[in-house]
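The values are calculated or read from the model by the stated rules, or taken from the named source; none is laboratory data. Note that the structure is a prediction, hence the values are computed from the model and not measured. Note that we place each Cβ from the backbone using ideal geometry, even for glycine, and neighbour counts take in every protein chain shown.
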């Protein structure tokens with residue numbers, strides 16, 4: 001029986017390796033260029049088509065644009081590298097037709113159990129289109145609160161004050177509260193003793209709020225001066241006064257903390273008492289001295 005022998009000379013092998021190697025390098029370079037220029041195009045396109053909303057600040061519009069750029073840029077990167085990978089496999093001699101067919105069959109099988117993934121993606125699309133929140137916002141989603149660090153079509157990444165990162169699939173979100181959209185609010189209750197001159201306390205509160213809003217360190221963060229709103233409650237040991245004011249997004253905690261500090265100092269100076277609960281304990285059998 002005659003044996004078929006195929007022999008390649010070193011020159012042919014070197015030429016083959018060089019040819020395929022150059023093509024693979026070219027595929028990678030083209031993918032990198034498409035990724036780079038595609039990212040630039042997406043950024044310019046998004047910033048151009050997002051219309052100006054007079055009800056939103058410049059920072060809010062910027063957050064929305066950055067969020068859309070990140071999502072579409074991530075989708076583009078995935079598509080580019082999948083395509084480049086298939087082209088490289090074809091170049092090194094692996095038939096991608098059977099791989100695509102197998103992937104289609106596997107995708108069909110997985111699809112029956114992939115309703116949760118589809119639900120997450122659809123919910124993510126509505127979150128993005130409705131501009132419910134953006135990267136850089138502080139939100140509470142189903143009891144988990146934190147800074148939005150990243151948004152994809154499938155999930156949102158939150159980081160809480162302890163530094164813990166939470167990954168929340170969009171399909172699991174039933175209710176989301178955005179604490180930093182358009183503006184934020186100082187909403188502070190403070191108690192004073194029942195013998196306090198209420199009008200005097202109101203004057204002190206409004207004066208402190210006015211000074212805070214005029215302070216160079218805080219005036220750019222304050223939209224509406226914090227001031228007395230109403231007598232909110234007659235508590236067990238105090239009359240509760242409500243103070244409200246508007247701030248720029250994410251500045252409410254900083255402004256409220258400074259307001260508390262200044263009110264304490266002003267109340268001490270004006271001899272306005274901030275009471276605290278006290279209890280008197282009666283002994284059935286008084287202790288022997």
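Observations, loosely collected:
Residue-by-condition table, conditions (1) without any contact (Cβ under 8 Å) to a residue 60 or more places away in the chain; (2) part of a loop (DSSP other than H, G, I, E, B); (3) in contact with a strand residue (DSSP E or B) (Cβ under 9 Å, 6 or more places away or on another chain):
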{"site": "189", "(1), (2), (3)": "yes, no, yes"}
{"site": "204", "(1), (2), (3)": "no, no, no"}
{"site": "230", "(1), (2), (3)": "yes, no, yes"}
{"site": "283", "(1), (2), (3)": "yes, yes, no"}
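- For region 149-199, filtering for residues that are within 30 Å of residue 231 (Cβ to Cβ), surrounded by fewer than 16 Cβ atoms within 10 Å (Cβ to Cβ) and under 11 Å from the mean Cα position of the chain (by Cα) leaves 0.
- Flag if residue 208 is surrounded by 15 or more Cβ atoms within 10 Å (Cβ to Cβ), more than 20 Å from the chain's Cα centre (by Cα), part of a helix (DSSP H, G or I) and modelled with pLDDT of 90 or more: yes
- The lone criterion from (1) at pLDDT 80 or above; (2) surrounded by 15 or more Cβ atoms within 10 Å (Cβ to Cβ); (3) under 27 Å from residue 33 (Cβ atoms) left unmet by residue 78 is number (2).
- Residue selected from region 142-174 under the condition in contact with a strand residue (DSSP E or B) (Cβ under 6 Å, 6 or more places away or on another chain) and part of a loop (DSSP other than H, G, I, E, B), by the criterion modelled with the lowest pLDDT: 173
- Test result for residue 225, outside the structural domain of residue 137 (by TED's automatic domain parsing), in contact with a strand residue (DSSP E or B) (Cβ under 8 Å, 6 or more places away or on another chain) and part of a loop (DSSP other than H, G, I, E, B): no
- Flag for residue 51 being under 30 Å from residue 180 (Cβ atoms) and modelled with pLDDT under 70: yes
- Selected residue [at pLDDT below 75 and within 25 Å of residue 152 (Cβ to Cβ)] from 61, 95: 61
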